[in-house]
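J.: Handing you this structure, nothing more for now.
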Amino acid sequence: MFTADLLQHLLTAARTGDQIELGNVDFSVATFTEDANFSAATFTKVANFSDVTFAASADFGRAAFTEDADFRSATFTGDAYFRFTTFIRDVDFSGGRVEGRLELVRCAALELVWAGARISGELVVEAAVAWVDLSGARASGRVGLRLRGARVDLSEAVFTGPVTVHGLQTAIDGVDEAASAWEGAGPGGPAPRVKLVSLRGADAERLVLTDVDLSECGFAGMQQLEKITLDGRCRFATDPRGRRQMLAEEHHWRAAKPRWPAGRGGLGVGRPRRTGWPWWTRRGWRCCTGSCARRWRMPRTSRARPPGRGCGPVS
């Protein structure tokens, strides 16, 4: 059990000049009965906060985690702030509970995991991150995701409160994207569009998607699909000819049919092409020497009909 004074003594002992550097720290199963202030601290090794209970507020503003940050099954009873926090690798809140307001604002991370979390308060995220996982999450409070370059998984999640996923078109102020490792791109490359990859089995009463790529999103088994609100430039998959938008499931369904070969790019499917002679030439028919031969680019047969007789079966 940590009080504010005890935590302050610990951080004072870890202070080097103006910097607070913490190596391998293990606060698992600890309870912070008063405000926990880790602002501007640098965690140079794995930081273990699994099964921690923050009974009051928690402040990780401007902190830096150079290795994985483990907050699995952590409980945030009061407000928690991760403002301008840098996560060089993954941060895991899976199975956690949010009862107050939790902010991850102007942050950067490799992966942000909230799988199986229970959110009765409010979750606000504004981050440049490669992967966001809220699969199996349960949220009765508000969830707001303002993301840059992320792939998002909302499969099997249940949201009874309002949920927004906003794909940011410009970089977040104060966040350096130079070292970001985007999906399918090297560090320092341009950020891709935010892509929602799965809503399979999800149940959302008030889901708003803004500027999100849905070309790979699976919708199978989703409840209340008609209540999704699309805003901005949301993009679906297109058919191989680019004439209409379609769901990713249709691509997979058509690809599973053996008579439909794969289309351009490997994702879509294409219609079978006409090959060989027209069907009547394969059943003993012959064309005349006139327009039919020119139309089908067929050689003039020696058994052509006399002029005016047209086409017909060979007797």
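The values are calculated or read from the model by the stated rules, or taken from the named source; none is laboratory data. Nothing here was measured: the structure is a model prediction, and the numbers come from that model. Because the Cβ atoms are built from the backbone with ideal geometry, glycine has one as well, and the counts that use them run over all protein chains shown.
J.: Taking the range 45-71, which residues are under 25 Å from residue 136 (Cα atoms), under 24 Å from the mean Cα position of the chain (by Cα) and not charged (D, E, K, R)?
T.: Residues satisfying the conditions are 69, 71.
J.: So residue 156 clears everything in (1) modelled with pLDDT of 95 or more; (2) farther than 30 Å from residue 1 by Cβ; (3) in a strand (DSSP E or B) except one condition, right? Which one?
T.: All conditions pass for residue 156, except number (3).
J.: Could you run through the range 108-132 and say how many residues are within 19 Å of residue 168 (Cβ to Cβ) and out of contact with any Phe, Trp or Tyr (no Cβ under 6 Å at 6 or more places or on another chain)?
T.: 12
J.: Going by the conditions given, is residue 160 within 30 Å of residue 78 (Cα to Cα), surrounded by fewer than 18 Cβ atoms within 10 Å (Cβ to Cβ) and under 16 Å from the mean Cα position of the chain (by Cα)?
T.: The answer is no for residue 160.
J.: Filter the range 16-36 down to residues that are within 20 Å of residue 86 (Cα to Cα) and touching a helix residue (DSSP H, G or I) at 6+ places or on another chain (Cβ under 7 Å) and give me whichever is surrounded by the fewest Cβ atoms within 10 Å (Cβ to Cβ).
T.: 20
J.: Filtering the range 50-86 down to residues that are over 20 Å from residue 111 (Cα atoms) and among the aliphatic types (A, V, I, L, M), which residue is surrounded by the most Cβ atoms within 10 Å (Cβ to Cβ)?
T.: That would be 58.
J.: Working carefully through the options 47, 13, find the one that is without any contact (Cβ under 8 Å) to a residue 40 or more places away in the chain, small (Gly, Ala, Ser) and surrounded by 17 or more Cβ atoms within 10 Å (Cβ to Cβ).
T.: Criteria check complete, one pass: 47.
J.: From the set of residues in the range 189-233 that are assigned to a strand (DSSP E or B) and among the basic types (Lys, Arg), which is surrounded by the most Cβ atoms within 10 Å (Cβ to Cβ)?
T.: Out of the qualifying residues, it is 195.
J.: Go through the range 86-104 and give me each residue that's at pLDDT 95 or above and farther than 15 Å from residue 48 by Cα.
T.: 97, 98, 99, 100, 101, 102, 103, 104 - these are the residues of the range 86-104 that are at pLDDT 95 or above and farther than 15 Å from residue 48 by Cα.
J.: Please specify each residue of the range 72-124 satisfying the condition of being within 17 Å of residue 142 (Cβ to Cβ) and of a type in the set (S, T, N, Q).
T.: 120
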